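The values are calculated or read from the model by the stated rules, or taken from the named source; none is laboratory data. What you are looking at is a predicted structure, and each value in this text was computed from that prediction instead of being measured. Every residue, glycine as well, gets a Cβ built from its backbone with ideal geometry; the counts of neighbours run over all protein chains shown.
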Amino acid sequence: MTKHVVITGANRGIGLNLCQQYLAKGYQVTAVVRTPSDELKELDVTVISNIDVANAADIDTLESQLHGHKIDLLINNAGIFHNESMAEMDFDTLNQQIAVNAVAPIRVTHALIHSLGVDAKVAMITSRMGSIADNGSGGYIGYRMSKAALNAASVSLAHELKSKKIAVGLFHPGFVQTQMVNFAGDISPELSAQRLIQRIDELSLSNTGGFWHSNGETLPW
């Protein structure tokens, strides 16, 4: 039976490459976006557009459109990135990052939980910048806060969903050459997506709640 993956933030970068690679693996792919890119439109995937993952009404729409469709894998990939410090503080962008990066993945998962069956997986695309132990430079206050909050919530989710036989994994994609970081990364979106798929394949109930770099390294909290 064909497996079904739902990917948020799928219009470009890592999300687009995840769509391409899961399609090549024979999955049914549903791409969730605000506005689909031309590259996404060219793929043989189902596109659900006009979805802002931080908007409750939009997630209600997403839930209704996917109602009755079994989901084998949910990848919460949508995210935003800003830099705040004590010297240059912007509480609007700080709050926005918490809404999009931390709250929205939980909102999406909650909305689609009834479509996730036994042996389904939830992949949270997080960041090693959410690691408190790994913070050796400071800065990026809102982004670090949002990803640390996502990590904490996802571990709780992993405990709660284990009895339903749904595994939850937290994955750092690497420093990827995407628009989010002005293409300053050190690996391509293609390689990042390939590595993420390998890590997601390795996710199971025995290691649910783990935090990994896409290269396979276990990351500290």
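Miscellaneous remarks
- Checking the stated criteria, Gln65 turns out not to satisfy the condition of being touching a Phe, Trp or Tyr at 6+ places or on another chain (Cβ under 8 Å), at pLDDT 95 or above, in a helix (DSSP H, G or I) and not hydrophobic (A, V, I, L, M, F, W, C).
- Tallying residues that are in a loop (DSSP other than H, G, I, E, B) and under 13 Å from Glu190 (Cα atoms) within segment 11-52 yields 1.
- Residue in segment 136-143 that is touching a Leu at 6+ places or on another chain (Cβ under 7 Å), at pLDDT 95 or above and not acidic (Asp, Glu) present: yes
- Beta carbons closer than 8 Å, at least 6 apart along the sequence or on distinct chains, pair a first residue in segment 5-16 that is within 12 Å of Thr35 (Cα to Cα) with a second that is charged (D, E, K, R) and not in a helix (DSSP H, G or I) for Asn11/Arg34.
- Qualifying strands (runs of 3 or more DSSP E) (wholly inside segment 103-221; at least 2 residues being without any contact (Cβ under 8 Å) to a residue 60 or more places away in the chain and under 16 Å from the mean Cα position of the chain (by Cα)): 116-125, 167-172
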